[in-house]
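Remarks on the structure that follows.
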Amino acid sequence: MTGLGLRSMSPGTPGSLPSSEDTNRENEEQELYPIAVLVDELKNEDVQLRLNAIRNLGTIAMALGPQRTRDELIPFLNDSIDDEDEVLLAVADELSKFSEYVGGPEYAHFMLGPLENLSAVEEVLVRDKAVESLCKIVALLNSSQIEHYFMPLLKRLTSGEWFTSRISATGLYAAGYSKCTPEQRSELKVLFAQLIQDDTPMVRRAAAKSLKDLIKELSKDVIISNILPLFIKLSSDDQDTVRLLTVEDLVQMARILSPEESKQHLLPILKQLGQDKSWRVRYMVATHFTEICEVLGETITREELVTLFVSLIKDSEGEVKMTTIGQAPAFAKKVDETTVVNKILPCIKDLVIDTNQHVRAVVAINISGLAPIVGKDLTIEYLLPLFLQLLKDDFPEVRLNIISKLEHVNQVIGVERLSQSLLPAIVELAEDKQWRVRLAIIEYIPLLAKQLGVGFFDEKLLSLCMSWLCDTVFSIREAATTNLKQLVDIFGCEWATETVLPQVMDMATNTNFLFRMTSLFALGTMATSLSPEIIQDKVLPTVLELKTDPIPNIRFNVAKSLEVLTPILRQSPATADLVNTHVAPALQDLSNDNDVDVRWFAERAILTATKLTVY
C-alpha cells in the first residue's frame, strides 16, 4: 500500500541496553501495530476483511493524523475505486464522516475526489450513497471551496461521457445552490437545463426526481422564469417514467406560487397529467391528489378538480381507481355536500359492484370515512345500502374491511340504527349453508363486538356466538372457542363469568359427547384470559367432573385441559395448592387409564404439573 507503509521495527544492538530512543520507537511501533493490521486488511483479497477495514477507516485516520490522511489515505482510497460494490458502498458512507479526520471543514474538499469517482460507478446504490455523502460535505464548504472545488466537480459530472455521472450530478444542484454566488447560480441553472434535455431517459428521470429539491431553494420569480419552461418540457417527455415524477415537482412549485399563479401555470399541466395515456402517470396524480388539493387551495379544488377526481375514480385501471378511492374521504372534506352527493357517491355506488374484488375491498375500507362527512340522514339514505351490499360480498376481505370500519358509521347514526340495518345481514351470513361463510363471520365477530359495545353484543350476538359451539362442522366449533377467548379479552373476566361460562359449563353435562368435548375446548382456550380465582371456582370443577367420562377422547382432553390450567393456578398463592390437591391426583388416575392415548396425555400433563414455579 504505497504511502501508507508503517516504519519497520528495528531492535537495538544485541547485548546492549536499549536506549531511550529505542524504547520510544518500540512503544510507537507497538501502538501502530494494530493500525498496520488494518492497513493490510484494506488490501486483503477477502472482501469481508476489506469491509471490516473500511468500517475502521476512522481509526486508521486518527492514527495517521490529518496531514497523512490527506496526503496518503485519501489518495489511496481514490485509487481503490475498482473494488466490490459492497466495499465501495462502505467507502462512500465512511467518507461522509471524514471531515474531522482531514483537519476540519477547511479541508473537507479533500473528500470530493474519491466521492466524485464513486458517483460515476455503475452500481446504483454506490452512486446514491456517494451523492448523499457529497451533499453532506458540500454543506461544510466555504465560498472559496465552492468556487475552486465544487463547481468544477459539478461541471465534470454534468458533462460526463457516461450517463452515470450525469445522473449523479442531478442530485447535487440543490445542495450547492444556496452556497453559490448569483453568477454561479446562473451557471447552475444553465447546467441543470442541460440535464433536463439530456438524450438519455435515465438522466432526464433523475433530473425530474431532483427538481423538487432544487425548487425549494429557488425564489418565485426564478421558478416562473427559469424552471417552469423546463418543467413543462419534462411533463410532456416521451417517457412515462419521467412524466410521473413531475407530479411531485408540481406539488412543490404549488407550495411556493400563489393560488392565482398556480391556476395559471400549473393547473393545465395537472389536468394533462391526470388524463395521461400512461396509467402510471395517472396513478401518481391520484396518489398525491389530496396533497395537490391542499397546496392549490379550496377554491381551485371546488371549481377545477372535481371533474379530474371523478375521471380518476372511474379510471379503466384498477390501481388508479383503488388509489383514488383511498383519497375520497379527504377529498370529500374539501368540497361541498352537494358535490359529494351528486358526483362522488354515484361513483362509489358503481365501484361497490366493480368486477375487480380488490377495488371492492378498498371501497369497503374507505366508504365508512364518508359517513361523518355527509351526516346521519345521507348516511342512512346513501351509504347504508352500500354497506349491506358489501357485507354480502363473496370476497372475504371485502366483508372484513366493512366490518372493521363500522365504528365511524356507529358514531354518526347510532348503534340502534346500525343494528337494525346490518344485524339481519350478519345473522344471515352466520347461518349460511356454506360453512366457510359461517367461519368468515366468526372471525369478524370480535371486531364487530369491539365496535358496537357489550350491551349491543349481549342482546344481539351472544346467542349466535354460543350456537356456533354446537355447529356440525369441527372447524366452526374450533373457531367459536377462539372467538370466545377474544371476546373475554375485549369485555373482561367479569363479563365471562356472568354470561359465557355458565352456558359453556352446561354443555359439559350434555348427553351428546361432541358438546362435552367442545365445552373442554372452550374452557381450555378461554383459560389463559381468565384469572386463577375464576379457574378455581368455575373451570377446574367442570373439567374434573369429566375425567371419568366414558368416551376416551373426552378423558384425554381433560388431561390436556389440566395441563393448560396448571401454570395459571400457580400464578396465585391462593390457588397454587390446587395443583397438588386436585390436579395431580386427577392426572394420576388418568395415567392408569385403560386407553393408551389417555395415559400418554396424562403422563405428559404430569410433567407440567410437577414442575416448580421458580427455577
In whole Å, what is the distance between the alpha-carbon centres of the range 281-312 and the range 140-168?
38 Å
Using Stokes-Einstein with the Kirkwood hydrodynamic radius over Cα pairs, what translational diffusion coefficient do you get for the range 218-334 at 4 °C and a viscosity of 1.567 mPa s, in µm²/s rounded to a whole number?
91 µm²/s
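Taking the Cβ of each residue in 280, 50 as the centre, tally the other Cβ atoms inside 10 Å and list the residues starting with the fewest.
The most exposed by this proxy come first: 280, 50.
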How much length would be gained if the chain were fully extended between residue 258 and residue 52, taking 0.36 nm per residue of separation minus their Cα-Cα distance, in nm to one decimal?
68.9 nm
Taking a crude spin-label model, label points 7 Å out from Cα along the C-beta direction, the residue 608 to residue 123 distance in nm is 5.1 nm
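Calculate, for residue 381 and residue 71, the FRET efficiency according to 1/(1 + (r/R0)^6) with r their C-beta to C-beta distance and R0 51 Å; round to the nearest 0.05.
Once the sixth-power term is evaluated, E becomes 0.05.
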Ranked 157, 447, 565, 530, criterion: other C-beta atoms within 10 Å, fewest first:
447, 530, 157, 565
Rh_Kirkwood(the range 353-505) over Cα pairs, Å, one decimal, evaluates to 16.0 Å
Fewest to most neighbouring Cβ within 10 Å: what's the order for 304, 416?
416, 304
From the helices alone, meaning DSSP H stretches of at least four residues, give me the mean residue ellipticity at 222 nm for the chain, per-run term -39500 (n - 2.57), in deg cm²/dmol to the nearest 500.
-19500 deg cm²/dmol
For the range 500-615, how big is the tail of P(r) above 19 Å, as a whole percent of Cα pairs?
40 percent
Distance from the Cα centre of the range 199-255 to that of the range 455-510, in angstrom?
60 Å
Counting pairs of alpha carbon atoms under 8 Å apart in space and at least six apart in sequence, what relative contact order in percent does the chain give?
5 percent
Want the number for residue 303 to residue 432: 0.36 nm per residue separation, take away the alpha-carbon distance, what's left?
41.6 nm
May I have the convex hull volume per residue, in Å³, for the Cα set of the chain?
259 Å³
When the C-alpha atoms of the range 109-188 are aligned to their principal axes, what extent does each axis show, in angstrom, from largest down?
34, 21, 17
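Throughout, read-outs are computed from the coordinates displayed, never taken from laboratory work. It should be emphasised that the depicted structure is a prediction, and the values quoted were computed from it without experimental measurement. So basically every Cβ, Gly included, is an ideal-geometry build from the backbone, and we count neighbours across all protein chains shown.
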